[in-house]
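Report on one structure; see the data block that follows.
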Amino acid sequence: MTIRRHIPISRRTLLRGAGASLALPWLEVMSAAQRPPVRMAILYMPNGVREDMWTPEGVGREFTLSPTLQPLADLKSEILVATNLWNQATKGSEGHYIKTSGYLTCTTVSKTLGVDINCHGISMDQAAAKAVGDRTPLPSLELGTAPVATGVDTNVGYTRVYGSHIAWSGPTTPLAKEINPRFVYERLLRATKPQTYTAKDDLLLLDQVQDDAKQLRGLLGAADKLRLDEYLSVVRALEVRVERTGKAHQTRWKPRGLQKGTPEPVAPPEETPKLHAEHVRLMLDMIALAFQTDTTRIATFMFGNAVSNENFSFLEGVTGAHHSLSHHQNDADKLRQYQLINRWHVDQYAYLLRKLRAMKEGESSVLDNSMIVFGAGLRDGNKHDPHNLPLVLAGRGGRRIATGQHLNYSPDTPMANLWMAMLDAFGTPVERFADSTGRLPGVLA
Amino acid sequence: MPSSPWQKSRQAECLSHHRRNLLMQFGGTGGFACRSGILGLLPRAGSARAILLLAGLAPCAAAGDFTYADAQSLLKRYCQTCHQGAAPAGGLAIAQLAAPGTENTARWTKLLLRVRNGEMPPKGMPAPPPEEREILLAWADQALHTAACANGLTPGPHLIRRLNRDEYASTVRDLLRVHFNAGHALPADGAGGEGFDNAAETLFLSPIHAEKYLEAAKETLEYASKDPKARAAFLVAEPHEGVSPDQAANKILEAFVPRAFRRLAKPEELERYLNLFHAAQKRGESFDRAIQFALAGILVSPNFLFHVEEPNPGPDTRPLDGYAMASRLSYFLWGTMPDSTLFDLAAQGKLQDPAVLGDQVSRMLKDERARDFAERFIDQWLNIRELGRDIKPDEKLFPTYYDAELQSAIRYEPILFFQELLSKDLPLLDLLDANFTILTNRLAKHYNLTLKDLSQQPKHADLPTDSHRGGILTMAAVLAVSSYPQRTSPVLRGKWILETVLGTPPPPPPATVPALKEEHEGDAPQALRERLEEHRRDPVCASCHNRIDPLGFALENFDVLGRWRGNDNGKAIDNRGELPDGTKIDGPDQLKQVLLERKQVFLRHLTSKMLGYALGRGLTASDSCTVDQILGQLEKEQYRTQALIRGIVLSMPFRDQAGTMANKTSEGK
């Protein structure tokens, strides 16, 4: 096998980073050019939340966490809860698919079983990746726990592709997710490989692909050309990345996470874990590892696909499956279970935040230099409405985010305004994002 | 019920081939009933009446009298407020909308879709009563169908598409003769079109693909070079006395490239891969490493990764060349590259000969590779791929499911059953009811069947007459996938039948309808029965649940895992139901009868699914004419399974390639 599975990541990192700088005390490296980069992750939860247990009491800095947000108690000063944001473009007849693919694009996807799939935009994370993705070995990471849902939903007339993606690099290109933690780990290893023989080999092969494709392209009709161009563009992107890997001029942050004495990251098991809880933890570990080693600065994670019916009976007090319980119809017992599931998700979120907080970057932590969003594409799973979406943003984004508050906006403030503010903090400002009406006030420090 | 001017005659012939509308199968809203869906499905009107009588459907509203003028007056009344003037909403001006025809198919299709889903007219605006809406939909569907078929059959659009994950893995396996899943690290593919993951429209490429193809190519070749059998298969020459490394490399490439690209190699292609070999040699690589490098280049080439057919430059439709036919056949029936027999027939130009095609279909369906076809088709058609993924029986309540041996027997029963139909050319109606199934001793025990000669290996087993088994409906996989993790659900099962067996999924509840207190987890199905009866007073709720629930209740004797039961939690199972037209369905045996009586609806749906799978795309209006043709042939051949496959293989969309003229029209949509 050509994949060298057992080389620990720290060795690669050492090889990649300049040996001398690693030996320097932290503060000496902390020059202006060496400020820790800002990272950004969006964690998407399917099926919405139990409304009455979500919103904190009180606004501003004096607020009380709601029951569902309780797991964030020790992180209260690190989070910002936003209330009353909505995603106008995803309102309408269909409950899940448009609210998933439109989550980070804030656009209305075309209704289709597949032929003319189109999100009419780009997702917020990819807008950032387009701007600065070339500064890290991987522009972004798209992770999840479930493969693309099978089939088309003929009841509502949408392909389930829409419910399985939140990252779109363009109107017609949803980005495939990696769901096996081990593959993510290996991918992180590969991406940080120093330039070697293999890289040169790869470049030759990729060159050949492009020659083949160009020749083939000349023979094809317009629609087919577009298809082939999709392949050409991903090949070119890979080529650029292979070329760049290990080159000195990269403005890459020299990660401090893996200094001597830090325990080496453990490779996840080869098989995708069967237990959902374990699976989720491992994927979150991979986000933390990717951020810590600065292999990428942008990640999206789907706890499950839209309409996920994951069986949560592994939780104490829950006997049902996610989507079915989200259609609680105000039945007390279902509401109780629904909330427990919501809370479990927040628990996992808190786990990631704590993990990032424990990763020191000099005086700060990786969490201090990150923006980690937790949210859903709809509020109440029983009503499927995109008003007042559940949203938490954690991490100070390198002192750019005013955490420790609950901000209550006027009803129906565009969620795109939050994405805009985050793109600002990320250092990739835009004039407008989808239906945004301006930067969300109060978010930036 | 408001009456409409075109509801005069209840005798007239009904319309529409439309498959989606629930109303058409089992009666209609508040007494309105339409048999049009059934009639339109038939190739000839003669047998239509017989089917109708059998189906026992209520008389149809008189859509036959409906005309373009009626449609216009209806659309004017309900739509024109917004859809008129210089800038009509959505660019649709009712006054300018001509009768459905080939020129405005796209426009009408969009209109019908929005009306059908209740998105138009928008909430709060006056809307036509359901029966008028249905007549409009049925009329327009039929008009589009007639228009599409009037111009004769067309091959339809065909897009270049990449191998999907399964095809990729099988192709690499057969190309290099390695038992190694090269696709294991690729992301799963989404589905489009008729619901399959080989649909061109949804086979996207993400950056992750390029990376994984490259890694997989290197990894597999490394593996293959260490396996003596695989090595012998692709390293067909080695340099030695009298054979230079170049000559050996050339020989290897000459054998490998045509198999990898599934067509004849072009000289300049061979030269380019030879250059890769040279580049590696120049670096001092061994012969083996250098040739592996060149082969890796082939495995990441779009010519390997995509289904490429020599484009048709002319204006007219033409038959596909032999190599394209070989690939179409092998990816349809095996999910992998053609074997040497198909390559030879392609080279001899015989793969447009109907007799040869018929023989190949029989040969290929008997081959073990047809298992992959059965698995991929059945998994996705019946939606059982989700079993064990998104749909998992509760571990605490149903621990037996987690017995690996049983789980595998459950999963493979429908797949192997379908493979049996394919290889033995049994009737397709066996899918609805059969006197055999595929059992292991573990599964037979699970079904509480005492049968002789069973083992751990699944095999064909004749069922006792009183077993209530036979056909897909009573298989554990199907019964589990249409249940909640904790308990059975007549609503889910009824919906599964409407959607999967008949192709008539119930529409989503209209936005204006208050949530019907349907069943949810924790409620016993019997409680639902009472609640439904109570809610039958609300005709809008009942209009769907009247059709969904009786079908599901008929299967109540089967628990989540498909085991037979006489009672549930101490309460006797009530498996009785009645369709809105009065058809009684008491239990699974009668359910099968009722579905067999509607076999034309089932067969049309199955044929459409299969055609979509075979073509790797969603079907168009024109394809519905092809489906008509195949159905006609199917009837003549007693609904034999191979007749369906042959019908598809011999059909125009499968064998022909549209010319540039046709491409222009289809792009214009």
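The values are calculated or read from the model by the stated rules, or taken from the named source; none is laboratory data. Bear in mind that the values here come from a model prediction, so they are computed numbers and not experimental data. Reconstructed Cβ throughout: ideal geometry from the backbone, glycine too, with neighbour counts over all protein chains shown.
Points to keep in mind about this one:
- Test result for A:Val132, among the hydrophobic types (A, V, I, L, M, F, W, C), under 23 Å from A:Thr403 (Cβ atoms) and not in a loop (DSSP other than H, G, I, E, B): yes
- Residues that are assigned to a helix (DSSP H, G or I), among the polar types (S, T, N, Q) and surrounded by fewer than 21 Cβ atoms within 10 Å (Cβ to Cβ) within segment B:609-641 comprise B:Gln629, B:Gln633, listed in sequence order.
- Some residue of segment A:32-47 being in a helix (DSSP H, G or I), out of contact with any helix residue (DSSP H, G or I) (no Cβ under 7 Å at 6 or more places or on another chain) and either modelled with pLDDT of 50 or more or within 24 Å of A:Ala299 (Cα to Cα) (or both): yes
- So B:Leu351, is it among the hydrophobic types (A, V, I, L, M, F, W, C), more than 24 Å from B:Ala374 (Cα to Cα) and out of contact with any strand residue (DSSP E or B) (no Cβ under 9 Å at 6 or more places or on another chain): no
- Identity of the residue in segment B:189-207, assigned to a loop (DSSP other than H, G, I, E, B) and within 24 Å of A:Pro139 (Cβ to Cβ), that ends up farthest from the other protein chains (Cβ to nearest Cβ): B:Leu203
- Any hit, segment B:237-251, residues being assigned to a helix (DSSP H, G or I), surrounded by 17 or more Cβ atoms within 10 Å (Cβ to Cβ) and either within 8 Å of chain A (Cβ to nearest Cβ) or among the acidic types (Asp, Glu) (or both): no
- Test: residue in segment A:215-234 that is part of a helix (DSSP H, G or I), of a type outside the set (Phe, Trp, Tyr), within 30 Å of A:Pro46 (Cα to Cα) and more than 9 Å from chain B (Cβ to nearest Cβ): no
- Pairing each residue of segment B:402-426 that is free of Cβ contacts under 8 Å to residues at least 40 places away in the same chain with any residue that is of a type in the set (D, E, K, R) and not in a helix (DSSP H, G or I), provided the two are 6+ apart or on different chains, yields C-beta distances under 9 Å for B:Tyr402/B:Glu395.
- Screening A:Arg354 against (1) buried (at least 24 other Cβ atoms within 10 Å of the Cβ); (2) at pLDDT 95 or above leaves a single unmet condition, (1).
- Residue in segment A:168-175 that is more than 7 Å from chain B (Cβ to nearest Cβ) and either buried (at least 24 other Cβ atoms within 10 Å of the Cβ) or at pLDDT below 85 (or both) present: yes
- Qualifying residue in segment A:104-118 (condition: assigned by TED's automatic domain parsing to the domain that holds A:Gln348 and part of a helix (DSSP H, G or I)): no
- Residue in segment B:327-335 that is buried (at least 18 other Cβ atoms within 10 Å of the Cβ) and under 24 Å from B:Ala237 (Cα atoms) present: no
- Residue check, A:Pro441 out of contact with any helix residue (DSSP H, G or I) (no Cβ under 6 Å at 6 or more places or on another chain), outside any loop (DSSP other than H, G, I, E, B) and over 27 Å from A:Asp294 (Cβ atoms): no
- When segment B:573-583 is filtered for residues that are surrounded by fewer than 23 Cβ atoms within 10 Å (Cβ to Cβ), in contact with a helix residue (DSSP H, G or I) (Cβ under 9 Å, 6 or more places away or on another chain) and not acidic (Asp, Glu), the ones remaining, listed by number, are B:Ile573, B:Asn575, B:Arg576, B:Leu579, B:Pro580, B:Thr583.
- So B:Leu439, is it away from every other protein chain (no Cβ under 14 Å), hydrophobic (A, V, I, L, M, F, W, C) and touching a Leu at 6+ places or on another chain (Cβ under 7 Å): yes
- Failed item, numbered, when B:Pro393 is tested on (1) free of Cβ contacts under 8 Å to residues at least 60 places away in the same chain; (2) over 30 Å from B:Arg177 (Cβ atoms); (3) in contact with a Leu (Cβ under 9 Å, 6 or more places away or on another chain): (1)
- Filter result (more than 14 Å from every other protein chain (Cβ to nearest Cβ) and out of contact with any strand residue (DSSP E or B) (no Cβ under 9 Å at 6 or more places or on another chain)) within segment B:379-420: B:Thr400, B:Asp403, B:Glu405, B:Leu406, B:Ser408, B:Phe418
For every residue, the table says whether it meets (1) within 13 Å of chain A (Cβ to nearest Cβ); (2) more than 20 Å from B:Tyr613 (Cβ to Cβ); (3) surrounded by 22 or more Cβ atoms within 10 Å (Cβ to Cβ); (4) of a type outside the set (D, E, K, R).
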site	(1), (2), (3), (4)
B:Leu159	yes, no, no, yes
B:Ala182	yes, yes, yes, yes
B:Ala185	yes, yes, no, yes
B:His209	yes, yes, yes, yes
B:Tyr213	yes, yes, yes, yes
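Table: residues versus (1) on the phi > 0 side of the Ramachandran plot; (2) out of contact with any helix residue (DSSP H, G or I) (no Cβ under 9 Å at 6 or more places or on another chain); (3) in a loop (DSSP other than H, G, I, E, B).
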site: A:Thr296; (1), (2), (3): no, no, yes
site: A:Val307; (1), (2), (3): yes, no, yes
site: A:Leu315; (1), (2), (3): no, no, yes
site: A:Val318; (1), (2), (3): no, no, yes
site: A:Asn330; (1), (2), (3): yes, yes, yes
site: A:Asp333; (1), (2), (3): no, yes, no
site: A:Ile341; (1), (2), (3): no, no, no
site: A:Asp347; (1), (2), (3): no, no, no
site: A:Leu352; (1), (2), (3): no, no, no
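Here's the yes/no breakdown for (1) crowded, with 18+ Cβ neighbours inside 10 Å; (2) under 24 Å from the mean Cα position of the chain (by Cα); (3) of a type in the set (Ser, Thr, Tyr):
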| position | (1), (2), (3) |
| --- | --- |
| A:Gly60 | no, no, no |
| A:Thr64 | no, no, yes |
| A:Gln70 | no, yes, no |
| A:Leu75 | yes, yes, no |
| A:Leu80 | yes, yes, no |
| A:Thr83 | yes, yes, yes |
| A:Trp86 | yes, yes, no |
| A:His96 | yes, yes, no |
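- Residue match in segment A:239-251 (condition: within 8 Å of chain B (Cβ to nearest Cβ) and modelled with pLDDT under 90): no
- Where B:Asp321 falls short, out of the listed (1) modelled with pLDDT under 95; (2) more than 10 Å from every other protein chain (Cβ to nearest Cβ): (1)
- 2 or more residues over 28 Å from A:Leu232 (Cβ atoms): qualifying helices (runs of 4 or more DSSP H) within segment B:255-348: B:287-299, B:322-333, B:340-347
- As a summary of the residue check, B:Pro155 satisfies the conditions (1) surrounded by 22 or more Cβ atoms within 10 Å (Cβ to Cβ); (2) within 11 Å of chain A (Cβ to nearest Cβ); (3) assigned to a loop (DSSP other than H, G, I, E, B) except for the one numbered (2).
- All of B:Thr220, B:Thr171 fail the test of being within 12 Å of chain A (Cβ to nearest Cβ), surrounded by 23 or more Cβ atoms within 10 Å (Cβ to Cβ) and not in a loop (DSSP other than H, G, I, E, B), apart from B:Thr220.
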